[in-house]
Amino acid sequence: MSIWEYANPKKFMQTSAFLLPWVTGLALIAMLVGLVWGFFFTPDADKFGATVKIIYLHVPAAMMAISAWTMMLVTSLIWLIRRHHVSALAAKAAAPIGLMFTVIGLVTGAIWGQPMWGTWWAWDPRLTAFLILALFYLGYIALWAAVENPDTAADLTSVLAIVGSVFAFLSRYAVLFWNQGLHQGASLSLDEQENVSDVYWLPLVVCIAGFVLLFVTLVLIRTRTEIRSRRLQALLTRERLA
Amino acid sequence: MMPELGKYAGAVMWSYAASLALILGFVALSLWQSRRMKRALDEVEKRQEKAGE
Amino acid sequence: MIALLFRDLRLAVRAGGGFGLGLAFFLLVAVIVPLGVGPEPATLARIAPGILWVGALLSCLLSLDRIFALDFEDGSLDLLATSPLPMEGAVAVKALAHWLVTGLPLVLAAPVLGVLLNLPLPGYPWLVISLALGTPALSIIGAFGAALTVGLKRGGLLMSLLVLPLYMPTLIFGAEVVKRGAAGMTVATPLALLAAITAGALALLPFAAAAAIRVNLR
């Protein structure tokens, strides 16, 4: 019994079919509990007023935007090294989800920034880095869509994911450097783990768990779709040849 | 049961609405794609089984 | 390798295109921006470093698809792949040719355009130095993007989408060097970081680009 068994598409389909209802249920419960708790049962913060409630969407979405890219990097490496198709398809499946989380992070950030900083958008290092991350997601998705041969597409996007990771990382720090000379610490992005008391911290943890489970659910669903799509293509090709 | 959101009610409501709309929309899209692909695959599989007999 | 370099250079010069076009585009950017933002010298002086770097970056982008596309179409890329020269070397040479044809003229033309944009006097040496250090990175990163999209029929737009995010660190540090240089501040840190990015890209990206080309030729 090893993890590589799940590289077999059939085995993956069986296992994911079994897991999917459970993960979906857990994701629903965690999201509901976390968001309802956060929205209805937390007090307002001194500095932020009621806007502190946005944190339950903003922070988990931002965390998952980065985690999704990391997951794509790992699955791309697995594809390049061990040529497991499920791995490449999981990376493909994860990209739009990561983009969605990035957009949520940016949108909630803009809505939060409006009352707090008095502007929808500031060229704050974190915001800029996230915008760049969104561009990386777009490029990755576009490359998948543009290349017809699925194995070629998997190879090329994997190389892009690796190079992109390095440059996304570089951009993160370049942006930090770039803004130093312009603004003082205009960002109010606080270090949540340290500054936030338990009242906010506990529902936030539940929300993060909910977002992680949501991500897993969506990856499973979309990977299953991709596997079926590949099988469909294979069957159609066989039909044409017969 | 609505909590008192004060002057920031708009911002909070909008971010929840926007995020939930994005998430639900994306889940619906994924489910729809999944259904469609499953149906297409089933169709071809059945057709090929018949042809194979 | 030398033969390949000269072949690429000859082709670029004979075909006209790439050589002059990038430079003309750079000039156009420098002309269009004042028309757009107004002629106040103070404003222009403030945005000149950024505009010059963005202009250089975009002119570089314009000619990227020539690096591999023509050779892919007429089959010389397949010949290169079967030649004893490793693909990594071929990529590096082709990027070098691209830099000599596009990057180097940009570096040389930049001071002239700096005058148009009213760049403060202390900025000129740093403009030339930062472009000389940064444009090789633009060429090799661009070669990677061109390698990814070489098999596609209409890869140009997609390539821009892939390459521009990769250009961001180079752009940030390059423009920062000129900005600080023009303001009379010390430039050592961004200059070192810019050089580091160029060196890292030159060392590693030929391997990634060669891998992408091998996939595309398969």
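The values are calculated or read from the model by the stated rules, or taken from the named source; none is laboratory data. Note that the coordinates shown come from a computational prediction; the quantities given were computed from them, not determined experimentally. All Cβ positions, glycine included, derive from the backbone under ideal geometry; neighbour counts span all protein chains shown.
Taking the conditions exactly as written (among the small types (Gly, Ala, Ser), under 20 Å from C:ALA211 (Cα atoms), crowded, with 24+ Cβ neighbours inside 10 Å and modelled with pLDDT of 90 or more), does C:GLY145 satisfy them or not? Criteria met by C:GLY145. For first residues located in segment C:171-197 and modelled with pLDDT of 85 or more, partners that are part of a helix (DSSP H, G or I) and basic (Lys, Arg) and lie 6+ apart or on another chain with Cβ distances below 7 Å form the pairs C:PRO190/C:ARG180. One residue is enough: does segment A:46-53 have a residue meeting the conditions touching a residue at least 40 places away in the same chain (Cβ under 8 Å), in contact with a strand residue (DSSP E or B) (Cβ under 9 Å, 6 or more places away or on another chain) and on the phi < 0 side of the Ramachandran plot? Yes, segment A:46-53 has at least one match. Please verify whether C:LEU161 is in contact with a helix residue (DSSP H, G or I) (Cβ under 6 Å, 6 or more places away or on another chain) and either part of a helix (DSSP H, G or I) or free of Cβ contacts under 8 Å to residues at least 40 places away in the same chain (or both), treating the condition exactly as stated. Criteria met by C:LEU161.
Filtering segment A:11-56 to residues that are at pLDDT below 85 and in a helix (DSSP H, G or I) leaves A:GLY38, A:PHE39, A:PHE40, A:ALA50, A:THR51, A:VAL52, A:LYS53, A:ILE54, A:ILE55. In this structure, A:TRP112 does satisfy being within 22 Å of B:TYR16 (Cβ to Cβ) and either of a type outside the set (Ser, Thr, Tyr) or surrounded by fewer than 17 Cβ atoms within 10 Å (Cβ to Cβ) (or both). Each residue in segment C:67-95 was checked for being in a helix (DSSP H, G or I) and in contact (Cβ under 8 Å) with a residue 60 or more places away in the chain, and 15 of them qualify. Please work out if C:ALA110 is under 17 Å from the mean Cα position of the chain (by Cα), in a helix (DSSP H, G or I) and either buried (at least 21 other Cβ atoms within 10 Å of the Cβ) or not basic (Lys, Arg) (or both). For C:ALA110, the condition - under 17 Å from the mean Cα position of the chain (by Cα), in a helix (DSSP H, G or I) and either buried (at least 21 other Cβ atoms within 10 Å of the Cβ) or not basic (Lys, Arg) (or both) - is met.
From the list C:ILE47, C:ILE32, the one residue that fits, being surrounded by fewer than 22 Cβ atoms within 10 Å (Cβ to Cβ) and free of Cβ contacts under 8 Å to residues at least 60 places away in the same chain, is C:ILE32.
Taking segment A:135-150 as the range and being without any contact (Cβ under 8 Å) to a residue 40 or more places away in the chain and either crowded, with 21+ Cβ neighbours inside 10 Å or not polar (S, T, N, Q) (or both) as the test, the residues that pass are A:LEU135, A:LEU138, A:GLY139, A:ALA142, A:LEU143, A:ALA145, A:ALA146, A:VAL147, A:GLU148. With respect to the conditions (1) hydrophobic (A, V, I, L, M, F, W, C); (2) surrounded by fewer than 24 Cβ atoms within 10 Å (Cβ to Cβ); (3) within 15 Å of C:LEU193 (Cα to Cα); (4) facing chain A (nearest Cβ under 8 Å), C:LEU133 falls short on a single one, namely (4). Being of a type in the set (A, V, I, L, M, F, W, C), surrounded by 19 or more Cβ atoms within 10 Å (Cβ to Cβ), in contact (Cβ under 8 Å) with a residue 40 or more places away in the chain and within 17 Å of C:THR149 (Cα to Cα) is a property that A:ALA161 has.
Could you grab me the full set of residues in segment C:159-203 that are among the β-branched types (Val, Ile, Thr) and either farther than 21 Å from A:LEU138 by Cα or buried (at least 24 other Cβ atoms within 10 Å of the Cβ) (or both)?
Across segment C:159-203, the qualifying residues are C:THR170, C:ILE172, C:VAL177, C:VAL178, C:THR186, C:VAL187, C:THR189, C:ILE197, C:THR198.
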